[in-house]
């Protein structure tokens, strides 16, 4: 399975939360992280007091798990537009960065691993929601 990690999943994995570690070990034959998630993580690290530690840990996790980054390009931008339009037509909203994350997931035909139930509103992607999300 092509597993795409949401921001909250990386954070939980970095903390060693069992359900996330187990899900990645079980389903993560190929693991991806959208560049948008990288941006969210790096922003969070900058706001915190352990920026260098967290960035080093991120590099180690990416290397150890052989995580590939999904870059935003023209094809992803088109998928973003399709997803955003589809949500608007249904009168639904999700955070705008999450539309980009969904578009990245759609681009590679992956399954998004997240704690955010609002991704279930996105018809264009497969979603695996772990507990305690919004």
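Rule-based calculations on the coordinates, nothing more; no lab input. Values in this document were obtained by computation on a predicted structure and should not be read as measured data. Methodologically, a virtual Cβ is constructed for each residue, glycine included, from the backbone with ideal geometry; neighbour enumeration extends over all protein chains shown.
The stretch between residue 93 and residue 19 holds 23.9 nm of extra length on full extension. This uses 0.36 nm per residue minus the Cα-Cα distance.
For the listed peptides 104-110, 86-92, a ranking on the average number of other beta carbons within 10 Å per residue, highest first, reads 104-110, 86-92. Coordinate range of the alpha-carbon atoms in the chain per principal axis, descending: 43, 30, 27 Å.
Any idea what angle helix 18-27 forms with the longest principal axis of the chain, computed on alpha-carbon atoms, 0 to 90 degrees, nearest 10? Helix 18-27 sits at roughly 70 degrees to that axis.
Take every pair of alpha-carbon atoms less than 8 Å apart whose residues are at least six positions apart; their mean separation over the length of segment 2-129 yields a relative contact order of 31 percent. Against the main long axis of the alpha-carbon atoms of the chain, helix 51-64 sits at an angle near 80°. Full extension of the chain segment joining residue 69 with residue 57 gains 2.7 nm, where the gain is 0.36 nm per residue of separation less the Cα-Cα distance.
Calculated [222 nm] ellipticity per residue, helices only, for the chain: -17500 deg cm²/dmol; basis is -39500 (n - 2.57) per DSSP H run with n ≥ 4, divided by all residues, nearest 500.
Relative to the longest principal axis of the Cα atoms of the chain, helix 35-47 runs at roughly 50 degrees.
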